[in-house]
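Trainee: Take this structure first; my questions come after.
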Amino acid sequence: MASRKPTSAGFKRTSSLLQHSIRRASETRGFAQSRLLTHWAEIAGDDIAAIARPVEISYGRQGMGATLTILTTGAQAPMLEMQKEKLREKVNAVYGYNAISRLRITQTAATGFAEGQVDFVHRPKAKSAPAPAPEIAATAAQLTAPVGDEGLRQALESLGRNVISKSKR
């Protein structure tokens with residue numbers, strides 16, 4: 001009996017398709033570890049991640065140690081300046097050795113550099129809509145009452161509540 005060939009030869013995970021492109025793009029800015037960009041909130045902590053973003057890692061001409069440039073607004077820069085050494089230790093923990101020897105803080109407005117506008121944070125969960133008025137819910141329930149399938153009836157009732165409440169605005 002002949003051995004069967006794998007059938008998933010044409011399919012790859014999205015992460016494996018994008019991994020090379022992401023690595024190349026992050027390496028152009030000096031980030032050998034793209035984890036520094038994608039997991040910034042975990043590395044720096046939520047309080048620092050809310051006010052600052054890593055922008056670039058530049059390597060000196062001589063010796064070991066690189067400079068990490070961090071983007072923040074002018075009002076937050078003094079607070080970040082006081083936490084530079086602690087942040088440098090956290091970043092070096094990602095690399096596993098003393099890769100970053102200096103941190104440079106760049107100040108700009110909230111809509112400054114293009115690099116500063118990119119967010120790697122997850123979108124917050126949507127808040128649930130407020131309950132519709134009782135008369136709107138009753139009208140939607142009355143209109144969908146003849147539907148026999150329970151799941152379909154609930155979906156249509158929800159749609160009806162949304163349509164009726166939007167039309168009354």
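Trainee: How long is the gain from Ala50 to Ala145 if the chain were fully straight, where each residue apart is worth 0.36 nm and the alpha carbon distance is subtracted? Walk me through the numbers on the way to the answer.
Mentor: Details: separation 95, 0.36 × 95 = 34.20 nm, distance 4.89 nm.
Stretched out fully, the Ala50 to Ala145 stretch lengthens by 29.3 nm.
Trainee: What ranking do 76-85, 145-154 get when scored by the average of other Cβ atoms within 10 Å per residue, highest first?
Mentor: Working: 76-85: 13.2, 145-154: 10.0.
Sorting 76-85, 145-154 by mean packing, highest first, produces 76-85, 145-154.
Trainee: Report the extension gain between Gln107 and Glu42 in nm, rounded to one decimal, defined as 0.36 nm multiplied by the number of residues separating them, less their alpha carbon distance. Intermediate values should be presented prior to the final figure.
Mentor: On the way: separation 65, 0.36 × 65 = 23.40 nm, distance 2.23 nm.
Gain on extension, Gln107 to Glu42, equals 21.2 nm.
Trainee: Excluding Ala93 itself, calculate the net charge of residues whose Cβ lies under 12 Å from the Cβ of Ala93, where each Lys or Arg counts +1 and each Asp or Glu counts -1. Walk me through the numbers before you get to the answer.
Mentor: Numbers: positive: Arg35, Lys86, Arg88, Lys90; negative: Glu42, Glu89.
My count for the surroundings of Ala93 gives +2.
Trainee: Further question: Spin-label point model (7 Å from Cα, Cβ direction): what's the Val163 to Ala138 distance in nm?
Mentor: Here the answer is 2.1 nm between the modelled labels.
Trainee: Quick query: amide H of Leu71 versus all other amide H atoms, modeled in the peptide plane; which residues come in under 5 Å with a sequence gap of 5 or more or a different chain?
Mentor: Result for Leu71 returns Arg53, Val55, Thr106.
Trainee: Using 0.36 nm per residue, how much length does the chain from Arg61 to Lys86 gain when fully extended, once their Cα-Cα distance is taken away?
Mentor: On the way: separation 25, 0.36 × 25 = 9.00 nm, distance 2.54 nm.
Extra length from Arg61 to Lys86 when fully extended: 6.5 nm.
Values in this text are rule-based calculations from the coordinates and carry no lab data. Small disclaimer: the values here were computed from a predicted structure and weren't measured. Note: ideal-geometry Cβ built from the backbone for every residue, glycine included; neighbour counts use all protein chains shown.
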